[in-house]
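Below you'll find the structure, written out as structure tokens, and then a few comments.
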């Protein structure tokens, strides 16, 4: 979560709480991105062998779990302001749109593609890059 921008952290606060509630004990999130899913603020996370997408729809949040396997594909688009990630698994297609942290969206797509890459890659997700140091005051 520390890699999300300030606006993404604020917008995704409730969806991140829903995500933490639906994860299993011991699940490790490799990367998370914030955007909109089914019209509501949402997050998508890559978690050991699956992509979990949740939104903050009032009273009944949408929770989608897609296995990262040979049937999965991820497509990404970006413009000068936002990115969109489309996860395709079998006959399902789930879209996370208006992702403000375009760099994280690109990294998410790369990590999912890496995990799909082969039997040994599906169980090992590359480590997250180190968090950049805070800017020095001038």
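The values are calculated or read from the model by the stated rules, or taken from the named source; none is laboratory data. Quantities reported herein were computed from a predicted structural model and do not represent experimental measurements. Cβ coordinates were reconstructed from backbone atoms using ideal geometry, including for glycine residues, and neighbour counts include every protein chain displayed.
Only residues that are under 22 Å from residue 86 (Cβ atoms) and loosely packed, with under 15 Cβ neighbours inside 10 Å: list them for the stretch 23-41, please. The answer is 39, and nothing else. Whether any residue in the stretch 116-129 is in a helix (DSSP H, G or I), in contact with a strand residue (DSSP E or B) (Cβ under 9 Å, 6 or more places away or on another chain) and either surrounded by 11 or more Cβ atoms within 10 Å (Cβ to Cβ) or modelled with pLDDT under 90 (or both) is what I want to check. Yes: the stretch 116-129 contains one or more residues that are in a helix (DSSP H, G or I), in contact with a strand residue (DSSP E or B) (Cβ under 9 Å, 6 or more places away or on another chain) and either surrounded by 11 or more Cβ atoms within 10 Å (Cβ to Cβ) or modelled with pLDDT under 90 (or both).
For the stretch 75-98, a residue qualifies if it is more than 17 Å from residue 54 (Cα to Cα) and either touching a helix residue (DSSP H, G or I) at 6+ places or on another chain (Cβ under 6 Å) or surrounded by 16 or more Cβ atoms within 10 Å (Cβ to Cβ) (or both), and the qualifying residues are 76, 78, 82, 83.
Within the stretch 15-24, not a single residue is closer than 15 Å to residue 58 by Cβ, part of a loop (DSSP other than H, G, I, E, B), more than 11 Å from the chain's Cα centre (by Cα) and modelled with pLDDT of 80 or more. Of note, residue 44 satisfies the criterion of being buried (at least 20 other Cβ atoms within 10 Å of the Cβ) and touching a residue at least 12 places away in the same chain (Cβ under 8 Å).
In the stretch 48-67, of all residues being part of a strand (DSSP E or B) and over 9 Å from the mean Cα position of the chain (by Cα), the one that is surrounded by the most Cβ atoms within 10 Å (Cβ to Cβ) corresponds to 54.
Checking 64, 33, 43 one by one, the residue that is closer than 12 Å to residue 94 by Cβ and modelled with pLDDT of 95 or more is 64 and no other.
When both residues are 6+ apart or on different chains and their Cβ atoms are under 7 Å apart, which pairs have a first residue that lies in the stretch 88-116 and is free of Cβ contacts under 8 Å to residues at least 40 places away in the same chain, and a second that is surrounded by fewer than 16 Cβ atoms within 10 Å (Cβ to Cβ)? Within 7 Å, the pairs are 88/73; 89/67; 89/71; 90/71; 93/86; 102/78; 114/121; 114/126.
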